[in-house]
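The values are calculated or read from the model by the stated rules, or taken from the named source; none is laboratory data. Because the structure is a prediction, the values reported are computed rather than measured. Just so you know, the surface numbers come from the protein's heavy atoms only, side chains and all, with ligands and any DNA or RNA stripped out. Shrake-Rupley method; radii C 1.70, N 1.55, O 1.52, S 1.80 Å.
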Amino acid sequence: MRGVVALAFLERIESALASRSGRPVRLCDHFDLIGGTSTGAIIAAGLALGYRAAEIRDFYFQLAPRVFKPPLLRLSGWQAKFDAQELARQLGTIVADRRLDSTDLLCGLGIMLKRIDTGSAWILLNNPHSKFWDTPSDRSFIGNRHYLLVNVVRASTAAPMYFDPQEIEIVEHEPPGLFVDGGLTPHNNPSLALFLAAVLPNYGIAWPVGPENLTIVSVGAGTFRYHRSSQGWRRSASAAIALRAMIQQINDSQQLILTLMSWLGETTTSWPIDADIGDLGAVAPPLGALFRFFRYDLKLETGWLRKSAAADISEQTLRRLRRFDDPETMPLLEDLAKRAAEVQVRETDWGLAGQATPIAPVGPAA
């Protein structure tokens with residue numbers, strides 16, 4: 001549900017670009033590669049198919065009450081909380097029966113997945129130069145181009161406990177691969193993965209680096225740091241501690257990615273990493289900036305919201321806003337994100353639009 005946070009920032013970016021160009025803008029016409037993880041995969045697929053952020057926003061508000069409705073009969077701990085088939089049906093209204101090689105994809109698309117049966121992180125792109133794009137003559141695997149887009153996006157959103165894993169056929173007549181939420185890879189924030197996919201020659205794209213050639217925009221879906229007393233954790237079950245440690249590891253990966261992207265890129269936006277490092281905007285890497293970098297996000301913390309969004313939110317409300325699966329929080333989340341976007345997304349930062357090859361990674365926060 002926190003995808004509405006990212007969408008509020010994306011609507012603001014569309015507005016800024018439209019203001020600069022004097023006409024309506026679709027992000028797929030401005031960005032050459034749009035990618036995402038989990039809820040960001042839904043948003044990225046919609047943008048790549050030519051939908052405007054406002055249209056995807058409307059889809060989210062329609063999807064929420066239909067998908068985030070627990071079934072009547074459910075064995076807690078043994079069955080997923082929500083119906084993955086209903087989620088797939090709703091995704092189908094946007095992506096239909098298109099494949100990864102669909103000509104309806106109007107720009108590059110990158111989706112982050114976790115293949116749990118082999119323990120590997122997958123970055124699927126509609127890139128015809130990639131090694132696994134076509135099915136080889138010996139049919140040792142099915143080319144990525146044949147994957148149904150609805151299965152790829154659904155796989156990236158298959159958060160454990162919330163939705164069942166997604167099966168994707170990898171080799172004919174063999175058991176399918178089993179995929180879960182891409183946030184369980186190091187690429188919950190997919191910025192670095194998409195940057196490497198764009199510039200490393202091994203991927204077959206090899207875009208030139210440099211702030212004059214490449215702009216990367218990282219859009220979050222609400223971040224926060226979870227606090228609980230050590231005494232409280234001592235009374236917790238081992239399973240609860242293990243789950244919380246896994247979620248914290250996702251946050252740690254996000255922070256590492258943001259540290260690297262903030263350091264390697266040139267940015268005019270201030271986004272402090274932590275109390276120790278602070279903001280890296282003025283710290284140049286030893287060989288010069290590799291790209292322009294903008295980070296937009298909402299911090300679901302009382303002090304930050306009061307200062308950066310002029311909002312006083314109670315701790316009880318804040319706990320609800322941090323959940324993934326509460327549709328009733330969406331209007332407030334959207335309002336807070338729009339307030340933050342008005343401050344963070346500045347039209348002056350988009351004065352070089354069209355002079356760089358942009359990437360827009362859209363990722364959720366755990």
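Here are the numbers for the structure shown:
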item	result
Within the accessible area of the chain (1.4 Å probe), percent carbon and sulfur	53 percent
Most mobile of Ile142, Ile42, Ile216 in a GNM of the chain (Cα contacts under 10 Å)	Ile142
Listed residues Ile277, Ile116, Ile170, most fluctuating in the chain (Gaussian network, C-alpha, under 10 Å)	Ile277
Solvent-accessible surface (1.4 angstrom probe) belonging to Lys69, in square angstrom, nearest 10	130 Å²
Size descriptor, Kirkwood hydrodynamic radius, that averages inverse alpha-carbon separations across the stretch 246-347, Å	15.3 Å
Whole-angstrom gap from the stretch 231-293 to the stretch 1-48, using each part's C-alpha centre	23 Å
Solvent-accessible area of Asp252 with every protein chain in place, 1.4 Å probe, in Å² to the nearest 10	100 Å²
Which label in [x] 59, 50, 42; [y] 54, 54, 40; [z] 68, 45, 44 gives the computed Cα extents along the principal axes in Å	[y]
Compactness of the stretch 153-199, expressed as Rg and Dmax over alpha-carbon positions, Å	12.9, 36
Gyration tensor (Cα) of the stretch 1-133, equivalent ellipsoid semi-axes in angstrom	28, 21, 12
Lysine pairs with alpha-carbon atoms under 16 Å apart, the chain, spacing 8 or more or separate chains	4
Per residue accessible area of the chain, 1.4 Å probe, in Å²	47 Å²
Most fluctuating residue given options Phe224, Phe68, Phe163, as computed from a GNM of the chain linking Cα atoms under 10 Å	Phe224
